[in-house]
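The values are calculated or read from the model by the stated rules, or taken from the named source; none is laboratory data. Not measured: the values here are computed from a predicted model. Neighbour counts run over all protein chains shown; Cβ positions are idealised from the backbone, glycine included. Heads up: the accessible areas ignore ligands, DNA and RNA and are worked out on the full protein's heavy atoms, side chains in. Shrake-Rupley method; radii C 1.70, N 1.55, O 1.52, S 1.80 Å.
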Amino acid sequence: IAVARTEQASQQVTATRSAFFPQVSYDGSGRRTHYPIDQLPERKATFSSFLGLLSVGWELDVWGKIRRANEAAKANFLASEEGQRGVLLSLVSQVSRLYFELLQLDAQLTIAKEAVAAFHKTLDLFTRKYEGGVASKLPVTRAAAAEAQARGWVPDVRIQIEFVENQLSVLLGRPPGPIPRGKPLIEQRLPDIPPGLPSQLLERRPDIQQAEQAVVATNAEIGVAVGNFLPRVGLTALWGGSSGNLSDLATGSANVWSVAAEFSGPIFRAGMLWAEYKAHVALWEESKAVYERTALEAFADVSNSLTARSLLREQRLAFADQ
């Protein structure tokens, strides 16, 4: 989906840039007409007409409207590229997180099976004591309950493993199936983060760059809206032929040509242009607020990750001792 959106934005840049160049088109028609002369039924005329034209039109970018539209299209394209990169990084992050979660569940399943075996031995021990008359029935009942609880833990972990494997299969773009394992969780080593990283590194985050390009695009669209208030200046030219005989049109003996300059602009639109301008200004204000929010969330995200990474080491050591 992200790749297709980037391709759409890329083609939109090409389409918008085409307004810089003259637009060439052609037109042709053939007609056969029959009608009475002087309203007398006995007097009728029938004639043919053929027309072939090649026309050129070019809007002069006097006020920079086309340049601003091209700037907006480029910014949208860059934003879509950053969005695609963000999707890729998010995908890699989700796959990594789920894979480590899968390794964690594998370790839990091993512990659960060992717990079942341990509680089963305990149940055998208390059962033999009870049958030998050394202990009462209460320890046997408690041991049986503990062994049953441990057995119930095993299918629960297996269900979670199945869910995570299916999630990973979806992220990998394939039908549900088993996920191959590498090193166990205890053997995984995370790379160290060097101290003193500059905050400017956050500018490389795709979400921040995408939000920044959105601000650029909405700002450029304000320029396009301003250009709608100003007159359009263009040049047009056409060349071709018009004749009652198709042969004359083909030989070029019935030439038609025209060169013109065009000048047009709005006078009264019942507030439409002003409303469009104010709407683009509001979009620009919104995109700025989104950019600020994205930057703040990025700082918070990095801060949370660094704090969790530091304190989770202590938690892991405590759990290992437990």
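Within region 297-307, is even one residue more than 27 Å from the chain's Cα centre (by Cα), loosely packed, with under 13 Cβ neighbours inside 10 Å and closer than 30 Å to Gly241 by Cα?
Pass one, region 297-307, residues more than 27 Å from the chain's Cα centre (by Cα): 306-307.
Narrowing further to those that are loosely packed, with under 13 Cβ neighbours inside 10 Å: 306-307.
Filter once more, so that each one left must be closer than 30 Å to Gly241 by Cα: none.
No, region 297-307 contains no residue that is more than 27 Å from the chain's Cα centre (by Cα), loosely packed, with under 13 Cβ neighbours inside 10 Å and closer than 30 Å to Gly241 by Cα.
Quick check: anything in region 128-144 without any contact (Cβ under 8 Å) to a residue 12 or more places away in the chain and surrounded by 17 or more Cβ atoms within 10 Å (Cβ to Cβ)? Yes: region 128-144 contains one or more residues that are without any contact (Cβ under 8 Å) to a residue 12 or more places away in the chain and surrounded by 17 or more Cβ atoms within 10 Å (Cβ to Cβ).
Please work out if Gly252 is touching a Phe, Trp or Tyr at 6+ places or on another chain (Cβ under 7 Å), over 30 Å from Val62 (Cβ atoms) and either surrounded by 13 or more Cβ atoms within 10 Å (Cβ to Cβ) or at pLDDT below 90 (or both).
Working: touching a Phe, Trp or Tyr at 6+ places or on another chain (Cβ under 7 Å): no; over 30 Å from Val62 (Cβ atoms): yes; either surrounded by 13 or more Cβ atoms within 10 Å (Cβ to Cβ) or at pLDDT below 90 (or both): yes.
When the stated conditions are applied, Gly252 does not pass them.
Of all residues in region 15-29, those satisfying the criterion of being open to solvent by 60 Å² or more (accessible area, probe 1.4 Å) and within 30 Å of Val256 (Cβ to Cβ) are Phe20, Phe21, Pro22, Gln23, Val24, Tyr26, Asp27, Ser29.
I'm trying to understand the selection: among the residues of region 169-198, which are surrounded by 10 or more Cβ atoms within 10 Å (Cβ to Cβ), touching a residue at least 24 places away in the same chain (Cβ under 8 Å) and more than 25 Å from Thr6 (Cβ to Cβ)? The answer is Ile179, Arg181, Pro184, Leu185, Gln188, Ile193.
Among the residues that make up region 127-137, is at least one of them of a type in the set (A, V, I, L, M, F, W, C) and either closer than 25 Å to Trp153 by Cβ or at pLDDT 95 or above (or both)? No, the conditions are met nowhere in region 127-137. In region 255-313, which residues are within 24 Å of Ala225 (Cα to Cα) and touching a residue at least 60 places away in the same chain (Cβ under 8 Å)? Correct list: His280, Leu283, Trp284, Glu286, Ser287, Lys288, Val290, Tyr291.
Within region 1-14, restricting attention to residues that are free of Cβ contacts under 8 Å to residues at least 40 places away in the same chain and over 25 Å from Leu171 (Cα atoms), the residue that is surrounded by the most Cβ atoms within 10 Å (Cβ to Cβ) is Gln11.
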